[in-house]
Amino acid sequence: MFKQLSVAFLLAVSSLHVQSAALMGFEDSYMLMTETGEYNQEVMFNYAPSIHHAFGVEVMRMSPKGMRATTMTGINYTGLIQRWNLPSAQANVWFMGSVGEARGLHHGFSYSPSVQFDYETTRLYFLAKMRMLRAPGMNNDMAAVQGGFSFYEADFDETQPWFVLEAKAIKNFNPSLQVTPALRLINKNYFLELGITNPFNKSERAPRLNLMFTY
Amino acid sequence: MKNILIILCCLLASPIVSAATSIKAEVNGMVCAFCAKGIEKKLNAMPEGQGAFVDLKRRIVVLELKPQQNVSLDAFTQVIKEAGYAVDKVENVEQSIAEIKANIKASMKGQ
């Protein structure tokens, strides 16, 4: 498992080039993010009163293969801990945390703090994230890395396509390792990403759709 | 002739300030569409401006000013900083956004 994750990590890093990693929009903006896949479904909506903070609500459903799903509903906070504005790049460290209630296979108080580092240029992108995902009897802590590249440089009001590769390891989950190559389209205030999780494993292969909209 | 010279001297001595048509900045950290959107929104909210232009590839941001309006370079820099980015270079330019876009287009053709 560690070997598989290492390989996926190296693949992601070696493909370094990809997208827009922000977990919140700009000052006085709203952001809607959704993930729809066989194993994880998530909807998050937040409002950013400043570039440093955003507050919102989220619903996340974890659906391990062959088991009952757990749905966590809660409120969340996103904070920009540090930003580096470089001549042709940007790097950020983010904190995100949510608290709420779990229902389904696991019941009770749920919490999920996470830390994310991302680095991007107009052509390259890299992200590393650690997330705790806990509820009574549940520990689905996860670690993820993403890397990607844009096929070409685009103007701000043009659609820019990216190739993104994500590797995600989740504790006590089936499948515990999810590798998802995806095509991402970014325009002024939205992105749409279509990927396939574990494409080379017939029994685990599943489509995944991510959407993000900021206004 | 003497009168003309006097008028000319008066004109030269008077504090005529020609307001810049636009303010142009090179911005660090502006790499994504969402970044650009945030900066554009901030600039469009400035009452002195009549249009904003963001060029991600060249990492430039332009605010075209309304006639008789001016914004100090420091104030403009502050707006970009508040949007979350760093200004590398900022200047007044006697060009409209349309002219700047035309120059960019021309330079691309020349490449």
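Just for the range B:76-111: of the residues that are in a loop (DSSP other than H, G, I, E, B) and small (Gly, Ala, Ser), which one is nearest to A:LEU80 (Cα to Cα)? The qualifying residue nearest to A:LEU80 (Cα to Cα) is B:GLY84. Suppose we keep only residues that are outside any loop (DSSP other than H, G, I, E, B) and modelled with pLDDT of 70 or more within the range A:12-36. Which one would you say is farthest from the other protein chains (Cβ to nearest Cβ)? Top of the filtered list is A:THR36. Of the strands (runs of 3 or more DSSP E) lying entirely inside the range A:97-215, those carrying at least 2 residues that are within 14 Å of another protein chain (Cβ to nearest Cβ) and either under 30 Å from B:LYS57 (Cα atoms) or aromatic (Phe, Trp, Tyr) (or both) are A:114-120, A:124-131, A:142-150, A:160-170, A:177-187, A:190-197, A:206-214. Pick from the range B:86-106 the residues that are of a type in the set (D, E, K, R) and farther than 11 Å from B:VAL62 by Cβ: which of them is nearest to the other protein chains (Cβ to nearest Cβ)? That would be B:ASP88. Scanning the range A:52-96 for residues that are more than 19 Å from the chain's Cα centre (by Cα) and either part of a strand (DSSP E or B) or buried (at least 19 other Cβ atoms within 10 Å of the Cβ) (or both) yields A:TRP84, A:ASN85, A:LEU86, A:ALA89.
Taking the conditions exactly as written (at the interface with another protein chain (Cβ under 10 Å from one of its Cβ atoms) and surrounded by 13 or more Cβ atoms within 10 Å (Cβ to Cβ)), does B:GLU82 satisfy them or not?
Numbers: at the interface with another protein chain (Cβ under 10 Å from one of its Cβ atoms): yes; surrounded by 13 or more Cβ atoms within 10 Å (Cβ to Cβ): yes.
So B:GLU82 fits the description; yes.
The values are calculated or read from the model by the stated rules, or taken from the named source; none is laboratory data. Small disclaimer: the values here were computed from a predicted structure and weren't measured. Methodologically, a virtual Cβ is constructed for each residue, glycine included, from the backbone with ideal geometry; neighbour enumeration extends over all protein chains shown.
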